[in-house]
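Peer 1: Dumping the structure here so I can ask a few things about it.
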Amino acid sequence: MDVSVGQSSVVYVPYHNGELYDNPIKYGLDDMVNMRPLGVSILCWCRGCNLAVLDSKRCPRCGGDTSRIEYNFDIRPAFQYDRDRLRRTVDGQYGEGVFELLVPDDRLILFGIEFKDEVSYRVICDGYVLGDLDADDGIWRFTPTQRAASLMAGAVSKRLITVSSRGQSMAVRMHHIPGEWIKDCDPDIRKGDTVFIMNGSGAVKCFGRAMADSDKLIGTKFAVKGANALNEDIRVPDRGYTWKEAVGLNKGLIDAVVKRSIDFVRDVVKKHKGMTCTVSLSGGKDSLATLLVVMKAGIRPKIIYAETHMDCGSAPLVKGIAKRYGLEMVSCGIPEDVLYRNIERLGPPSVDYRWCCKIHQLSQFQILALMIGGQNLSFVGQRRYEGTKRMQNGSEWINQSSPSQICASPIQEWNALHVWMFLTAEDAPYNRLYEQGFDRIGCYWCPVETPTQLAEVQWDDPVAIRWKECIERYGKEKDMPQVWHDRMLWRNRKVQGNIPVIDPQVQREIEYKQRIVSYRPVISGASVSFGRGFDPSKLLPLLPIIARQGYMDGDCLISGDLRIYPDGHATSTGGSDKDLKRSAGDILELSLMATSCLECTLCTHQCKSSALVFKDGGILLDASKCNGCRECMKICPSIHILCN
């Protein structure tokens, strides 16, 4: 559902119960009251040339008018892998040879990427939306539009329902088919499938949506809904263009977009004159496009790279890019084993609990900023089409985690289609996993990837195999039910509501076992409960950080008016309630640093007096150097993640 405001091409995305929808007929016009602007519709099409045009009213080939294809989200080219999967899905669902009627071999296919828990693509070809390609529990399904269904009708041999000729004509007028009209149907029909309605003479004149499985259709009151007539006059255009041909013809339009980004880079560099310029290169397409734009602006940036040891081939790619363009590379990272130890401490990373990014990426970028020294201007590959949060960030901001770092995105207004046309035109060395059905490149088994994407890739890398084994071992240790493994429910701490056929009791059990644990001090009179037990002797050497001293009395730590016990509680022998509350908070946070270190080493780099060192999985303090500034506590991921 796209709504234009005046002459603007801003797209407004409807939200309903926190989810995105684009079907006003299905969800009702009331959903239009809750909308958020996401970006602009940038895909146009010249009907005369049958050419995809990048955000222009005029065709770059013939100069004729173009039609704008309103679409809410990112758009990318369908690679051969995607094309083959679409062919298998369409032919498997509707019969051999159907795909050839939809898309000739020489035709460009574009995928519109929708934000859902599973994979969902809007399929665009010859300037029209052909339908939606969705994955449901690992099974792909293609739902055609009227145009696509009209083209497919001549070869459809599956998903057929037979009714009388009168029933077929009545169906179009009534937009539904009662079960009693059905004479026969394909036994493979499942609820929600697109079905084609055939009369007794074999003529297919309309299509609709099955409201039950085949064995229940005849007894269903409204067996088929949304029945629409097919358009027999629709034809596939005689001429089309391949992806590379389309990129070549759009070269002038791509250059204009790049020039605006180059001007932005130069303005930002001038504004922050004297700062060291860097590009945060992740190995993904967006950061690569950013690097090329910055270089075209005449800047020779330093490449900064946080090595997670879990990325999908990004490390050698980033090093190769630095070498190819003759750029200095500054990198750091946490040893691979740390991730697995942190999984034992925190559980697997999930969409709603991405501690991995805080520890293994953001903290490392903070270290990189400190390694470079002084204030630095970091160009990043962030785009508004990636989601509402990134849309709201704007093109320039201060990194809240590292205030000395100014971040700027020269491709903030770019759609994925801009990125792919630019990279293709530049013959840039992008990660080839994009050609295997991935829309984003992160780490192996990243929870942001959908279950279908994760299941389809046959990982043979030792790192990926170890990761999978770690997840399976964690599930066994927690005695997780088999559905947790089968449906990759570790991806969300709170099981998503659209997971079918899962027992509510099993769901509650899973959510309890993988709940997010956080701690806060609870004060009752002169007693404090920290919610967790810890060894007070490990806390003792770090007390100077919070300007306290202490000594051990057996297994009890005495510090001022506080007695701290290993079972996770403390008592106060004096002082005000305000002092007790402040001291309790300090002790809890310090105990997390002392006994729940997540091994990011950020505090040792942040400490300006060099009072902290990392050794044997924890931190050691040289009290003679500590000035009590508490900067280490302010940036400690253990505190941020575990302390409520």
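The values are calculated or read from the model by the stated rules, or taken from the named source; none is laboratory data. Since the model is a prediction, treat every value here as computed from it, not as a measurement. We place every Cβ from the backbone using ideal geometry, glycine too, and count neighbours over all the protein chains shown. Just so you know, the surface numbers come from the protein's heavy atoms only, side chains and all, with ligands and any DNA or RNA stripped out. Shrake-Rupley method; radii C 1.70, N 1.55, O 1.52, S 1.80 Å.
Peer 1: Over segment 425-534, what number does the Rg to Rh ratio reach, with both radii from the alpha-carbon atoms and Rh per Kirkwood?
Peer 2: 1.13
Peer 1: Related question: Convex hull volume of the Cα atoms in segment 517-644, per residue, in Å³?
Peer 2: For segment 517-644, the hull spanned by Cα atoms encloses 101 Å³ per residue.
Peer 1: While we're looking at this one, here's another question. With θ taken as phi - 60° and the coefficients 6.51, -1.76 and 1.60, list the Karplus ³J(HN,Hα) couplings across segment 375-392 in order, rounded to whole Hz; mark glycine and proline as x.
Peer 2: 7, 9, 9, 10, 8, 10, x, 9, 10, 5, 6, 6, x, 5, 5, 6, 4, 7
Peer 1: Mind running the shape call on segment 397-478? Use the C-alpha gyration tensor, a ≥ b ≥ c as the square roots of the eigenvalues: rounded below 1.5 for a/c, prolate if a/b tops b/c, oblate otherwise.
Peer 2: Oblate is the answer for segment 397-478, as a/c is 1.5 or above yet b/c matches or exceeds a/b.
Peer 1: Figure the gain on full extension for residue 190 and residue 225 (residue separation times 0.36 nm, minus the Cα-Cα span) and round it to one decimal in nm.
Peer 2: So the chain would gain 11.2 nm between residue 190 and residue 225.
Peer 1: Using alpha carbons only, how many degrees (0 to 90, rounded to 10) separate the axis of helix 314-325 from the longest principal axis of the chain?
Peer 2: So the helix axis and the longest Cα principal axis differ by about 90 degrees.
Peer 1: Give, in nm to one decimal, the length gained when the segment between residue 329 and residue 213 is fully stretched (0.36 nm per residue of separation minus the Cα-Cα distance).
Peer 2: So the extension gain works out to 36.0 nm.
Peer 1: Relative to the Cα centre, what is the charge dipole magnitude of segment 254-348, using +1 at the beta carbon of each Lys and Arg, -1 at the beta carbon of each Asp and Glu, and rounding to the nearest 20 debye? If you can, show how the numbers build up before the last one.
Peer 2: Values: 15 positive and 10 negative charges, 121 e Å.
Using only the charged Cβ atoms, the result is roughly 580 debye.
Peer 1: Tell me which GluC sites (Glu not before Pro) from segment 322-393 have a DSSP coil assignment and no more than 12 other beta carbons within 10 Å of their own.
Peer 2: Answer in residue order: 328.
Peer 1: Measure off 7 Å from each Cα along the Cα-to-Cβ vector at residue 485 and residue 244, then give the distance between these two points in nanometres to one decimal.
Peer 2: 4.6
Peer 1: Return the ratio Rg/(2.2 N^0.38 Å) for segment 247-332, where Rg is computed over Cα atoms only.
Peer 2: 1.18
Peer 1: Using the Cα centre of segment 489-604 as the reference point, and only Cβ charges (+1 on K/R, -1 on D/E), how large is the resulting charge dipole? Debye, rounded to the nearest 20.
Peer 2: So the magnitude is around 440 debye.
Peer 1: Filter the trypsin sites (Lys or Arg not before Pro) in segment 160-262 down to the DSSP loop ones having no more than 16 other Cβ atoms within 10 Å, then list what survives.
Peer 2: Counting only loop positions with at most 16 other Cβ atoms within 10 Å, the trypsin sites (Lys or Arg not before Pro) in segment 160-262 are 190, 191, 221, 235, 239.
Peer 1: Only Cα pairs under 8 Å and at least 6 apart count here; give the relative contact order of the chain as a rounded whole percent.
Peer 2: Relative CO of the chain lands at 10 percent.
Peer 1: Collect residues whose amide H, placed 1.01 Å from N in the peptide plane, falls under 5 Å from the amide H of residue 195; neighbours closer than 5 in sequence don't count.
Peer 2: Counting only residues 5 or more places away or on other chains, the set is 208, 209, 210.
Peer 1: Which FRET efficiency, nearest 0.05, do residue 83 and residue 476 yield, Cβ-Cβ r, R0 56 Å?
Peer 2: 0.90
Peer 1: Related question: Quick one: Karplus J couplings for segment 548-557, per residue in order, coefficients 6.51, -1.76, 1.60, θ = phi - 60°, nearest Hz, x for Gly and Pro?
Peer 2: 10, 10, x, 7, 8, 10, x, 9, 9, 9
Peer 1: For segment 225-319, which GluC sites (Glu not before Pro) pass both filters: DSSP loop (anything but H, G, I, E, B) and at most 11 other C-beta atoms within 10 Å?
Peer 2: Answer in residue order: 232.
Peer 1: Let me ask something else about it. Measure off 7 Å from each Cα along the Cα-to-Cβ vector at residue 398 and residue 506, then give the distance between these two points in nanometres to one decimal.
Peer 2: Rounded to a tenth, the inter-label distance reads 5.1 nm.
Peer 1: Continuing with the same structure: Suppose R0 equals 22 Å. What FRET efficiency, 1/(1 + (r/R0)^6) with r the Cβ-Cβ distance, do residue 132 and residue 234 give to the nearest 0.05?
Peer 2: Working: r = 18 Å, r/R0 = 0.84.
Calculated value: 0.75.
Peer 1: Work out from phi, with θ = phi - 60° and the Karplus expression 6.51 cos²θ - 1.76 cosθ + 1.60, the ³J(HN,Hα) of each residue of segment 626-643, listed in order in whole Hz, and give x for Gly and Pro.
Peer 2: Taking θ as phi minus 60°, the curve returns 5, 9, x, 6, 6, 4, 5, 6, 5, 10, 5, x, 4, 5, 5, 7, 9, 9 Hz for segment 626-643.
Peer 1: Between beta-carbons, use under 14 Å as the cut-off and find the net charge around residue 303, counting Lys and Arg +1, Asp and Glu -1.
Peer 2: With Lys, Arg at +1 and Asp, Glu at -1, the net is +3.
Peer 1: How are the C-alpha pair distances of segment 60-149 spread across 5 Å bins, as whole percents from the shortest bin up?
Peer 2: Distribution as computed: 3, 13, 25, 26, 18, 9, 4, 2, 1, 0 percent.
Peer 1: Given C-alpha coordinates of segment 236-394, what is the ratio Rg to Rh with the Kirkwood estimate of Rh?
Peer 2: Over the Cα atoms of segment 236-394, Rg/Rh equals 1.03.
Peer 1: Could I ask something else about it? Note down the net charge around residue 51, summing +1 for each Lys or Arg and -1 for each Asp or Glu among other residues with Cβ under 12 Å from its Cβ. Walk me through the intermediate numbers first.
Peer 2: Values: positive: 47, 58, 61, 107, 239; negative: 126, 245.
That sum, taken over residues with Cβ under 12 Å, equals +3.
Peer 1: What is the angle, in °, between the Cα long axis of helix 80-94 and the longest principal axis of the Cα atoms in the chain? Nearest 10 is fine, range 0 to 90.
Peer 2: Here the helix axis deviates by roughly 50 degrees.
Peer 1: Rounded to the nearest 20 Debye, what is the dipole magnitude of the chain about its Cα centre when Lys and Arg each give +1 and Asp and Glu each give -1 at the C-beta?
Peer 2: 1480
Peer 1: So, in nm, how far is label residue 67 from label residue 622 when the simple model puts each one 7 Å beyond its Cα toward the Cβ?
Peer 2: Modelled inter-label distance: 7.3 nm.
Peer 1: Have a look at 113, 397, 143 and report the one farthest towards the positive end of the charge dipole of the chain, computed about the Cα centre with Cβ charges (Lys/Arg +1, Asp/Glu -1).
Peer 2: In the chain, that residue is 397.
Peer 1: Measure nothing fancy, just the Cα-based angle from helix 285-296's long axis to the longest principal axis of the chain, in degrees from 0 to 90, nearest 10.
Peer 2: 80
Peer 1: Follow-up. If I compute solvent accessible area with a 1.4 Å probe over the protein chains, what percent of it on segment 316-438 is carbon and sulfur?
Peer 2: 48
Peer 1: Quick one: accessible area per residue over segment 509-641, 1.4 Å probe, rounded to a whole number of Å²?
Peer 2: Result: 49 Å² per residue.
Peer 1: Can you give me the three principal axis dimensions of segment 114-242 from its C-alpha atoms, in Å, biggest first?
Peer 2: Cα extents, longest axis first: 46, 37, 23 Å.
Peer 1: Summarise the long-distance tail of P(r) for segment 114-166 by giving the % of C-alpha pairs beyond 12 Å.
Peer 2: 72
Peer 1: Still on this model: Between residue 78 and residues 5 or more places away or on another chain, which pairs have amide H atoms under 5 Å apart, with H built 1.01 Å from N, and which residues are they?
Peer 2: 109, 110, 111
Peer 1: Going by amide H atoms built from the backbone, whose H comes under 5 Å of the H on residue 40, apart from near neighbours?
Peer 2: The answer is 11.
Peer 1: So if R0 is 41 Å, what FRET efficiency would residue 272 and residue 100 give, r being the distance between their Cβ atoms, rounded to the nearest 0.05?
Peer 2: 0.15
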